[in-house]
Ligand code: KOT
């Protein structure tokens, strides 16, 4: 240890630098059982992680004490998915210990970057829905809202994506291989959950509404929690994740003793399979029995835990809805409604009406989609087998609900059929969204257009029946992770310009940057930040793909799950059009572009896996063409995740938000990119509309059909007419069909061409011409450096609205009606 360098003498929750260093050495010794001399990389990382984490424990204890004291109304966020992102940098920032680590690491001869390489992100989600959950947790803690997130501790998170011959291959995400220093197991709070079995009437219940369920199988839920610190506040909330374990009964000792080892272990394996793996489907339904088991496992464990917590400070049930508000993140946790009814009626012996009143006042439901294929339904047959009591409860809920409907719309059988929780044809299924609406106080969509379309289409009959139930809460993103951590250079520039860091918790203050959009010196510095970020990205691209890209080229980014409605194929048609133009006119003066894709396709989504192959094939052809590659590069970065997003987003110039209007519920990548100074090219879909309203039409590249036009066109759509009419479109489609991207093989990508010319479900061909023309306007704008940078600054300056802090405030005002609880400062 040398003392040559002057060191910051700052007091934070981390204490002093000296104390921090002492704790590091002590943790290395006592937690890892090793010394500075013989420590490995993972030793160093783990030690740093627990040392930082321990700085949050005191705050957590004080938060818990303040909550106990105040006995406030709590928000319980139930979500099957969370995409938390890496924890190390975030917790360094939130504890103010970032400043200590560099000098200490330097002294010890390691870099923070080396240690961070071991910081694995928990990939417990697929995409937008899971990341939104994480942003809301961050903002709830930052706003001192008493809240707990509940989820599943999947042993394997979202698969790792690699490419073999351009095709996506999936590898398991063994994210806890080196251990997870961020979590605290809490075995004392374990729960037991039942499945299968039978029901019988309760002896003393003449109404017949109370029954007794005897499950045939039980599984133990073991919780562990991770700390969720707020920024700039001592509040530390938690997220509690459940892992399935075989309960003692399922470990069949007699079989084991009789030497039937395999059979004895089988039941254990089956029980533990429940939390084994995240289903890798985004915005599509996966109607598998194990998936329903996961959902019920999550809600059964969480509800018992919520009741346990409630009973620490409250007695009786009357106050339950005043103290507990449960937010259902889409329909995945909706069985919680039936489970609470079962607990209240069967186990706590409340009468049905009181139980129903409590239940309805407790739950709220957020819908994240409009796609019919994403609307969950479960077959009655499966539910009767797996959760027989819950199916009975659903029938009763539906019975009373339809009585209400009949009273409102006498004789309207069609209305009853449309509203019913049970769909009758072609087979009997439970509509989870209907159950969610019936059992909730508030229902919300995630962007203005989405909420309107929900009320006009998918949930129209409900919106007519209960208009006051429907709300819009436009999504948001946390500026701490997606600006401050992801883009430290821009953050510093903003802080310097605005005078302090207040914008990090009051993002609308970014509007004060608008004046700087006319200051040439500021524009120059803004450009420099973007350029340095692009250099960083360039290095990452080269490391992971070998492709060398020019940091001065326009960085054109499309990062999101591969899905037909998001229209990666439309982007690809544009890329092929640029390729064709350059091949035809090698001397043309084209704006240099790097087109960067990132995203995974669900392993069973064959159309999208083929499209991934095509993107890689086009990339290969473009990047190896001596003429074309001087102006154009195409990259599909493998294994897109939150950590990769944090590198790509700060470097983006152009944000591709080109879903067919009316299909993307909101989008949140669109917000992250705009906040980092990317200009959007997009359709009037989801939150794009609200982004454009704020940044101004002149700072947004709009193209394409609107939602109504898309619906109208769909009725008599003929993609071939567009193909035949537009020579550039025809050349692009023909290029795919010709096999130029498949070494002459005309069959490989034929299904892509057939889908386009056949049905073209998402009207890509109809929007193609408008899109290409809009891209040409983008290129023209890019040539005027000051004009572009001005647009970039104004995008960041005017999108402060899209902070998840604002989103959480809206949930608080419109839906949760919770108040903050202040925690004693450090
Ligand atoms: C998945 C399964 C069923 C229903 C909905 C989904 C879903 C929706 N998964 N991700 N989403 C996205 O959620 C984001 C957060 O609200 C939105 O921004 C995005 O548009 C949705 O596609």
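The values are calculated or read from the model by the stated rules, or taken from the named source; none is laboratory data. Owing to the predicted nature of the structure, the values given are computational and were not obtained by experimental measurement. Cβ sites come from the backbone with ideal geometry, for glycine too, and all protein chains shown count toward neighbours.
Below, the figures for the structure above:
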{"item": "Hey, residue 757 closer than 23 Å to residue 448 by Cβ and in a helix (DSSP H, G or I) or not", "result": "no"}
{"item": "Which numbered condition residue 312 fails, given (1) more than 16 Å from the ligand (Cβ to nearest atom); (2) at pLDDT 95 or above; (3) surrounded by 20 or more Cβ atoms within 10 Å (Cβ to Cβ); (4) in a helix (DSSP H, G or I)", "result": "(3)"}
{"item": "Any hit, region 676-683, residues being out of contact with any strand residue (DSSP E or B) (no Cβ under 8 Å at 6 or more places or on another chain) and over 30 Å from residue 164 (Cα atoms)", "result": "yes"}
{"item": "Lone qualifier among 792, 747 - being farther than 28 Å from residue 703 by Cα and either in a loop (DSSP other than H, G, I, E, B) or not assigned by TED's automatic domain parsing to the domain that holds residue 148 (or both)", "result": "747"}
{"item": "Output for region 187-201, where each listed residue is part of a loop (DSSP other than H, G, I, E, B) and buried (at least 16 other Cβ atoms within 10 Å of the Cβ)", "result": "190, 197"}
{"item": "Residue that is modelled with the highest pLDDT [pool: residues in region 15-59 that are in a loop (DSSP other than H, G, I, E, B) and more than 17 Å from residue 108 (Cβ to Cβ)]", "result": "33"}
{"item": "Criterion (away from the ligand (no atom under 16 Å from the Cβ), in contact with a strand residue (DSSP E or B) (Cβ under 7 Å, 6 or more places away or on another chain) and not assigned by TED's automatic domain parsing to the domain that holds residue 507) met by exactly one of 229, 234", "result": "229"}
{"item": "Odd one out for residue 411 among (1) on the phi > 0 side of the Ramachandran plot; (2) assigned to a helix (DSSP H, G or I)", "result": "(2)"}
{"item": "Residue pairs meeting the criteria (Cβ under 9 Å; at least 6 apart or on separate chains; first within 13 Å of the ligand (Cβ to nearest atom), in region 434-461; second modelled with pLDDT under 95)", "result": "445/370; 450/370; 453/370; 454/370; 458/370; 458/372; 458/375"}
{"item": "Residue that is within 16 Å of the ligand (Cβ to nearest atom) and part of a strand (DSSP E or B), where the choices are 130, 149", "result": "149"}
{"item": "Tally, over region 345-382, of residues that are more than 24 Å from residue 818 (Cα to Cα) and either within 16 Å of the ligand (Cβ to nearest atom) or buried (at least 23 other Cβ atoms within 10 Å of the Cβ) (or both)", "result": "11"}
{"item": "Residue list for region 661-698, restricted to those being under 22 Å from residue 130 (Cβ atoms), assigned to a loop (DSSP other than H, G, I, E, B) and within 15 Å of the ligand (Cβ to nearest atom)", "result": "663, 664, 665, 666, 667, 668, 685, 686, 687"}
{"item": "Residues being buried (at least 16 other Cβ atoms within 10 Å of the Cβ) and free of Cβ contacts under 8 Å to residues at least 60 places away in the same chain - total across region 686-699", "result": "2"}
{"item": "Any chance residue 823 is touching a strand residue (DSSP E or B) at 6+ places or on another chain (Cβ under 7 Å), under 30 Å from residue 231 (Cα atoms), outside any helix (DSSP H, G or I) and at pLDDT 95 or above", "result": "no"}
{"item": "Verdict on residue 149 being within 30 Å of residue 334 (Cα to Cα), under 17 Å from the mean Cα position of the chain (by Cα), surrounded by fewer than 24 Cβ atoms within 10 Å (Cβ to Cβ) and modelled with pLDDT of 95 or more", "result": "no"}
{"item": "Condition met for residue 399 (within 16 Å of the ligand (Cβ to nearest atom), out of contact with any strand residue (DSSP E or B) (no Cβ under 6 Å at 6 or more places or on another chain) and either in contact (Cβ under 8 Å) with a residue 40 or more places away in the chain or over 25 Å from residue 217 (Cβ atoms) (or both))", "result": "no"}
{"item": "Residues (under 24 Å from residue 129 (Cβ atoms) and either out of contact with any strand residue (DSSP E or B) (no Cβ under 8 Å at 6 or more places or on another chain) or within 16 Å of the ligand (Cβ to nearest atom) (or both)) located in region 317-335", "result": "327, 328, 329, 330, 331, 332, 333, 334, 335"}
{"item": "Odd one out for residue 561 among (1) surrounded by fewer than 18 Cβ atoms within 10 Å (Cβ to Cβ); (2) assigned to a loop (DSSP other than H, G, I, E, B)", "result": "(1)"}
{"item": "Tabulated pairs, region 129-155, first under 24 Å from residue 370 (Cβ atoms) and outside the structural domain of residue 369 (by TED's automatic domain parsing), second at pLDDT below 95 and away from the ligand (no atom under 15 Å from the Cβ), C-beta under 9 angstrom, 6+ apart or interchain", "result": "none"}
{"item": "Only one of 729, 675, 713, 705 that is in the same structural domain as residue 796 (by TED's automatic domain parsing), over 31 Å from the mean Cα position of the chain (by Cα) and buried (at least 20 other Cβ atoms within 10 Å of the Cβ)", "result": "729"}
{"item": "Residue in region 162-181 that is in contact with a helix residue (DSSP H, G or I) (Cβ under 6 Å, 6 or more places away or on another chain), outside any helix (DSSP H, G or I) and under 19 Å from residue 82 (Cα atoms) present", "result": "yes"}
